[in-house]
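The block underneath contains the structure these notes are about, expressed in structure tokens.
The values are calculated or read from the model by the stated rules, or taken from the named source; none is laboratory data. Note that the structure is a prediction, hence the values are computed from the model and not measured. Positions of Cβ are generated from backbone atoms using ideal geometry, with glycine treated the same way; all protein chains shown enter the neighbour counts.
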Amino acid sequence: MSPEGDAPIPLVDLTRQHEELRREIEREVCATLAGGRYILGPREQRFEREFAEYVGVEHAVGVASGTDALYLVLKAMGIGPGDEVVTTPFTFIATAEAIANCGAAPVFVDIDPATFNMDVSLVPGALTPRTRALLPVHLFGQPADMRPLMELAEERDIPVLEDCAQATGATYDGRRVGSLGTAGAFSFFPTKNLSCAGDGGMVTTSDAGLAAEVRMLRAHGSRTRYVHEALGVNSRLDELQAALLAVKLPHLDRWNAERARIAGLYGSRLAGVTVPARAPGRTHVYNQYTIRTPGRDAVAGELSRHGIGHAVYYETPLHLQPCFSGLGIGEGTLPACEKASREVLSLPMFHGMTDDEAGRVCAVVNEASARG
Ligand SMILES: *Cc1c(COP(=O)(O)O)cnc(C)c1O
């Protein structure tokens, strides 16, 4: 309860989404259990086709998480020790973890402070003879500036892997993320815009060879049963998760539009803080609604006092994480990212959130920021 006795507002409320589709979900889950195929069965195959069609690519390969999707694509691209992959330091750990787990080195370029995405003007200066791929992230649900990245990649003849974990359904120049680069990596973790009830992920690509390689690697390096041509992993999207995702996918565009509508409400009512910038030619699906204010901690404290969910994505940029201390990139080297990490604050955002709830969030933020 807040000081005024209002009900708490969570950062994300998945129960409202589930309730909306409860009958259909329960029917599909029960049918899956009764069917007796739980791994790599008909539901996963069907959802792969539907997801490929939704994104606008030839192939989609279901895997166990967004993290695995990133890792398996990089592996399939042949990235390994001695290689460098250019990416952003302002993202979830999985982006750079996947690079490092392949034995390659992440090369971090600073961000555009307006969109929080990779500053593409800095990418040419980060390229070396060892650069083997570019890995932009569509952070918070807004696509990175893909056209200049694709031009650079073509000049250098290197692939581009899009981290689409936060941006399922977002578009750039009218095309969905995951169809712009060489491949896309998606996450269906419960808090993402399209989510399952556990871990799940997907690789998208129109490169048949790359898709086949990921398919082989996700199943212990095997194309033919019990023949293992490479060392792979065990990483599949299971039938129950696929069943759930297939029920939800047809509703995703409507849900994303609903999130954009709530973002519009926020944008028109918030004062004294910087609201998310919108880059031209892109749709933003607001996986997070992230404001900026130098008074971040005071605003966060006031939200807590009123029982309103909030989070800081990301408190510590990846180049300053202990696991990457070996890269020797110290504080002060990526100033736009470091400043953002001190000022960002993500507010409640989920489809099913009411106008009244959005209004209450704005009132608390505005009051706290006016008090300064
Ligand atoms: C969530 C997320 C991932 C990882 O996805 P999981 O399914 O949790 O493994 C990767 N990158 C970004 C940007 C994410 O937000």
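Is it fair to say Thr32 is modelled with pLDDT of 95 or more, among the polar types (S, T, N, Q), assigned to a helix (DSSP H, G or I) and within 18 Å of the chain's Cα centre (by Cα)?
When the stated conditions are applied, Thr32 does not pass them.
Is it the case, given these coordinates, that Phe51 is out of contact with any His (no Cβ under 6 Å at 6 or more places or on another chain), within 14 Å of the ligand (Cβ to nearest atom) and outside the structural domain of Arg278 (by TED's automatic domain parsing)?
Taking the combined requirement at face value, the residue does not satisfy it.
Conditions (1) of a type outside the set (A, V, I, L, M); (2) surrounded by 21 or more Cβ atoms within 10 Å (Cβ to Cβ); (3) touching a Pro at 6+ places or on another chain (Cβ under 8 Å), marked per residue:
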residue: Met150; (1), (2), (3): no, no, no
residue: Gly169; (1), (2), (3): yes, yes, no
residue: Asp173; (1), (2), (3): yes, no, no
residue: Ala183; (1), (2), (3): no, yes, yes
residue: Ser187; (1), (2), (3): yes, yes, no
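Might you let me know whether region 171-184 holds any residue that is within 13 Å of the ligand (Cβ to nearest atom), β-branched (Val, Ile, Thr) and closer than 20 Å to Val123 by Cβ?
yes
Is it true that some residue in region 58-72 is away from the ligand (no atom under 13 Å from the Cβ) and in a loop (DSSP other than H, G, I, E, B)?
Yes: region 58-72 contains one or more residues that are away from the ligand (no atom under 13 Å from the Cβ) and in a loop (DSSP other than H, G, I, E, B).
When the residues of region 255-295 are narrowed to those that are away from the ligand (no atom under 16 Å from the Cβ) and among the hydroxyl-bearing types (Ser, Thr, Tyr), which ends up surrounded by the fewest Cβ atoms within 10 Å (Cβ to Cβ)?
So the residue we want is Ser268.
Which residues, counting only those in region 82-99, are in a strand (DSSP E or B) and within 12 Å of the ligand (Cβ to nearest atom)?
Of everything in region 82-99, just one residue is in a strand (DSSP E or B) and within 12 Å of the ligand (Cβ to nearest atom), namely Thr87.
Filter region 46-64 down to the residues that are within 28 Å of Leu327 (Cβ to Cβ) and surrounded by fewer than 22 Cβ atoms within 10 Å (Cβ to Cβ) and list them by number.
Ala64
Would you check if there is a residue in region 196-212 being within 20 Å of the chain's Cα centre (by Cα), crowded, with 21+ Cβ neighbours inside 10 Å and free of Cβ contacts under 8 Å to residues at least 60 places away in the same chain?
Yes; the residues of region 196-212 include at least one that is within 20 Å of the chain's Cα centre (by Cα), crowded, with 21+ Cβ neighbours inside 10 Å and free of Cβ contacts under 8 Å to residues at least 60 places away in the same chain.
Is it true that some residue in region 297-310 is part of a loop (DSSP other than H, G, I, E, B), within 24 Å of Ala144 (Cβ to Cβ) and in contact (Cβ under 8 Å) with a residue 12 or more places away in the chain?
Looking through region 297-310, none of the residues is part of a loop (DSSP other than H, G, I, E, B), within 24 Å of Ala144 (Cβ to Cβ) and in contact (Cβ under 8 Å) with a residue 12 or more places away in the chain.
Looking at Pro190, Pro143, can you tell me which residue is within 15 Å of the ligand (Cβ to nearest atom), farther than 21 Å from Gly62 by Cβ, of a type outside the set (Ser, Thr, Tyr) and in contact (Cβ under 8 Å) with a residue 60 or more places away in the chain?
One residue alone meets the criteria, Pro143.
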